[in-house]
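Below is one structure; the comments refer to it alone.
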């Protein structure tokens, strides 16, 4: 065996043996837990976004339905976020403290809207976001590797399904014109 081949073989063995150690040193559990960690990070970012958009809907909503749904998002997602932060801490999963660029841009877009344009855009976005969230939480509840994260997803899923039903009803009302704007003072 040539010296170069021998060195390459040694380097390959060293790198191969050091990967699990590197992952452990970064607080990353074995590879099968990574989808659970990604789920936690995405759920936390989504939850933070829902709270901030809910606050905006409570303040800017033109219809009482949008304002009430926004208040519900603040309460329900705020509670879920607190639970998730605690779970992430016990699992040594780091979470972002602020919205990422994509979610901040979404918040900024909604901040520029007003009146029924705000309500319609908010409702449409909430329908899409909750469809995506319900699918992700159902997948985690069924296929998650980490028992505690899986259980949290399972406990949270009925609330998200309820949000989806409520916002879909509000969407139908807005589309049909059955929702009247709140009186201005």
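The values are calculated or read from the model by the stated rules, or taken from the named source; none is laboratory data. It should be emphasised that the depicted structure is a prediction, and the values quoted were computed from it without experimental measurement. In this analysis, Cβ positions are derived from the backbone assuming ideal geometry, glycine residues included, and neighbour counts consider all displayed protein chains.
I'm trying to understand the selection: among the residues of the stretch 52-102, which are closer than 17 Å to residue 39 by Cβ, over 14 Å from the mean Cα position of the chain (by Cα) and not in a helix (DSSP H, G or I)? I'd like the intermediate steps shown before the answer.
If we filter the stretch 52-102 for residues that are closer than 17 Å to residue 39 by Cβ, which is where we start, we get 77, 80-81, 83-96, 100.
With over 14 Å from the mean Cα position of the chain (by Cα) added as a condition, the list becomes 86-87, 89-94.
Hits for the stretch 52-102 are 91, 92, 93, 94.
Annotation: residue 116 fulfils all but one of (1) at pLDDT 95 or above; (2) in contact with a strand residue (DSSP E or B) (Cβ under 7 Å, 6 or more places away or on another chain); the unmet one is (1). Only residues that are free of Cβ contacts under 8 Å to residues at least 40 places away in the same chain and surrounded by 13 or more Cβ atoms within 10 Å (Cβ to Cβ) were counted across the stretch 95-114, and they come to 1.
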